[in-house]
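The block underneath contains the structure these notes are about, expressed in structure tokens.
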Amino acid sequence: MIIVGAEVCYAGAVEAVLAAHPAVDQAFVVGAPDPVTGEAVHAYVVPAGRARAGREELAALVREALGEAAVPRTITTLTEVPVNESGKPDKSALRPG
């Protein structure tokens, strides 16, 4: 759960919207402190093959499905996802700052 201003955003919901785009193979979302909104949504996507989706396209998709507060402040493209000792995606390694 990420609280942006006074709105609750669920990382899983944002990940599902992003991953539904045909150019996205995997999506990961984390929250990070933000001086204006308290927290901000940050997304990381792994492209599906050679396909690419622009930041504005993905942001519009999230905005339409979940509202403005859920739109990621940043969307970073990854070639591989960091994993923790158990082999699961390491979201703490993705958290900015």
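The values are calculated or read from the model by the stated rules, or taken from the named source; none is laboratory data. For clarity, every value in this text was computed on a predicted model and none was experimentally measured. Note that each Cβ is placed from the backbone with ideal geometry, even for glycine, and that neighbours are counted across all protein chains shown.
Among the residues of region 52-67, are any modelled with pLDDT under 95 and touching a Pro at 6+ places or on another chain (Cβ under 7 Å)? Within region 52-67, not a single residue is modelled with pLDDT under 95 and touching a Pro at 6+ places or on another chain (Cβ under 7 Å).
Here region 31-52 is the region considered, the condition is being charged (D, E, K, R) and not in a strand (DSSP E or B), and the residue that is nearest to ALA19 (Cα to Cα) is ARG52.
Every residue, every condition in (1) closer than 23 Å to ALA93 by Cβ; (2) of a type in the set (A, V, I, L, M, F, W, C); (3) over 9 Å from the mean Cα position of the chain (by Cα), yes or no:
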position: ALA16; (1), (2), (3): yes, yes, yes
position: VAL24; (1), (2), (3): yes, yes, yes
position: TYR44; (1), (2), (3): yes, no, no
position: GLY49; (1), (2), (3): no, no, yes
position: PRO82; (1), (2), (3): yes, no, yes
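Among the residues of region 53-80, the ones that are over 14 Å from ALA13 (Cα atoms), over 13 Å from the mean Cα position of the chain (by Cα) and not in a helix (DSSP H, G or I) come to 4 in all.
Scanning region 53-83 for residues that are farther than 19 Å from ALA20 by Cβ and loosely packed, with under 11 Cβ neighbours inside 10 Å gives THR79, GLU80.
Of the residues making up region 84-93, none is surrounded by 14 or more Cβ atoms within 10 Å (Cβ to Cβ), without any contact (Cβ under 8 Å) to a residue 60 or more places away in the chain, among the acidic types (Asp, Glu) and touching a Gly at 6+ places or on another chain (Cβ under 6 Å).
Within the group ALA16, ALA11, which residue is free of Cβ contacts under 8 Å to residues at least 12 places away in the same chain and either more than 15 Å from PRO72 (Cβ to Cβ) or not acidic (Asp, Glu) (or both)? It would help to see each step written out before you state the result.
Working: ALA11 fails: free of Cβ contacts under 8 Å to residues at least 12 places away in the same chain.
Going through ALA16, ALA11 in turn, just one is free of Cβ contacts under 8 Å to residues at least 12 places away in the same chain and either more than 15 Å from PRO72 (Cβ to Cβ) or not acidic (Asp, Glu) (or both): ALA16.
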